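**Student:** Submitted below is the structure of interest, expressed as structure tokens.
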Amino acid sequence: MSEHVRIYEVGPRDGLQNENMLIPADRKIELIDRLSRAGFEKIEATSFVSPKWVPQLADAEAVLAGIKRRPGTNYAALTPNMKGYERALAAGVDEVAVFASASEGFSQKNINCSIAESLKRFEPLLDAAKSDGMRVRGYVSCVIACPYDGPVAPEAVRDVAGALFDMGCYEISLGDTIGAGTPETVSTMLEAVLPGLPADRLAGHFHDTHDNALDNVAAALDLGLRVFDSAVGGLGGCPYAPGAKGNLATGPLVAFLERAGFDTGIDRDALAEAEQYLRSITKASA
């Protein structure tokens with residue numbers, strides 16, 4: 001049997017949050033249902049953040065209430081604070097995610113605090129999640145470079161990833177937020193992180209700014225990673241990272257992995273239908 005690689009679909013959250021025009025909840029629900037039918041094990045459905053900061057995802061409760069939950073698929077949401085966590089818990093998410101940065105400049109621009117302060121803020125959330133039996137995923141932004149601080153030291157990534165893991169995150173997604181990575185810099189970063197965290201607790205999250213994302217996936221595969229984030233249709237970017245191109249697109253990632261001999265469990269025809277639907281709703285909302 002082929003070795004399995006899990007694709008963590010982040011388009012409904014990390015992708016749609018950057019769309020300029022509001023997309024109605026029923027269309028988001030239909031997109032997630034189509035992605036569910038494609039066989040994803042993990043779908044990041046929405047984010048429980050202040051509507052003031054991310055108005056596109058103000059309908060988080062409605063979206064989670066409306067989706068058809070597929071057995072075998074976990075539906076996740078980003079929760080930046082305790083208020084968001086409590087909303088997500090009430091909405092019935094399967095897991096939540098928190099995010100920190102490996103760059104001080106990005107942390108200040110993104111969440112208005114230092115890296116150390118951001119980690120401190122997550123402590124009550126992680127404690128509550130442990131008590132509730134809720135799994136928490138950790139994101140680390142700017143693992144290669146920062147739009148404000150420039151290149152990021154691999155040791156900084158190691159320290160933040162290790163802190164999130166020690167706090168209770170079951171998996172750490174390492175994000176090349178501005179798509180600055182190359183196979184060489186990705187390998188160097190991972191070689192700093194891996195002595196403290198096993199590869200089966202790490203995920204790669206690459207943006208395709210310079211068309212290097214699939215090459216970076218290959219470098220991470222060589223070092224043992226078997227989980228990768230991607231967004232249907234290559235949606236996304238980052239509102240706090242000027243010039244950041246969209247996330248690695250899911251379709252090309254599935255094709256790349258399957259050509260390399262890995263099993264993804266994704267129905268490519270159903271994925272293509274989801275991509276076509278996405279094009280229709282983003283065009284209609286433009």
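Only the coordinates and a few stated rules stand behind these numbers; no lab work does. It should be emphasised that the depicted structure is a prediction, and the values quoted were computed from it without experimental measurement. Reconstructed Cβ throughout: ideal geometry from the backbone, glycine too, with neighbour counts over all protein chains shown.
**Student:** Which ranges mark the helices (runs of 4 or more DSSP H) fully within the stretch 86-183 that have 2 or more residues being surrounded by fewer than 18 Cβ atoms within 10 Å (Cβ to Cβ) and in contact with a helix residue (DSSP H, G or I) (Cβ under 7 Å, 6 or more places away or on another chain)? Break it down into steps so the answer makes sense when it comes.
**Tutor:** Details: elements: 104-111, 115-132, 154-167.
The helices (runs of 4 or more DSSP H) meeting that bar are 115-132.
**Student:** Is it the case that V49 is within 27 Å of R201 (Cα to Cα) and in contact (Cβ under 8 Å) with a residue 60 or more places away in the chain?
**Tutor:** Details: within 27 Å of R201 (Cα to Cα): yes; in contact (Cβ under 8 Å) with a residue 60 or more places away in the chain: no.
Against the criterion (within 27 Å of R201 (Cα to Cα) and in contact (Cβ under 8 Å) with a residue 60 or more places away in the chain), V49 does not qualify.
**Student:** Now a separate question. Out of (1) touching a strand residue (DSSP E or B) at 6+ places or on another chain (Cβ under 6 Å); (2) within 25 Å of P12 (Cα to Cα), the odd one out for S103 is which?
**Tutor:** Failed condition: (2).
**Student:** Another question, then. So, in the stretch 29-41, of the ones that are out of contact with any Ser or Thr (no Cβ under 6 Å at 6 or more places or on another chain) and without any contact (Cβ under 8 Å) to a residue 40 or more places away in the chain, which residue ends up surrounded by the fewest Cβ atoms within 10 Å (Cβ to Cβ)?
**Tutor:** By that ranking, first place goes to D33.
**Student:** Among V152, V227, V136, V140, which is hydrophobic (A, V, I, L, M, F, W, C), touching a Ser or Thr at 6+ places or on another chain (Cβ under 9 Å) and closer than 22 Å to A260 by Cβ?
**Tutor:** Only one candidate qualifies: V227.
**Student:** Taking the stretch 111-144 as the search range and keeping residues that are among the small types (G, A, S) and more than 18 Å from L174 (Cβ to Cβ), which one is farthest from the chain's Cα centre (by Cα)?
**Tutor:** S131
**Student:** Tell me which residues, restricted to the stretch 184-213, are buried (at least 20 other Cβ atoms within 10 Å of the Cβ) and not in a loop (DSSP other than H, G, I, E, B).
**Tutor:** Hits for the stretch 184-213 are T185, V186, M189, L190, V193, L202, A203, G204, H205, F206, H207, A213.
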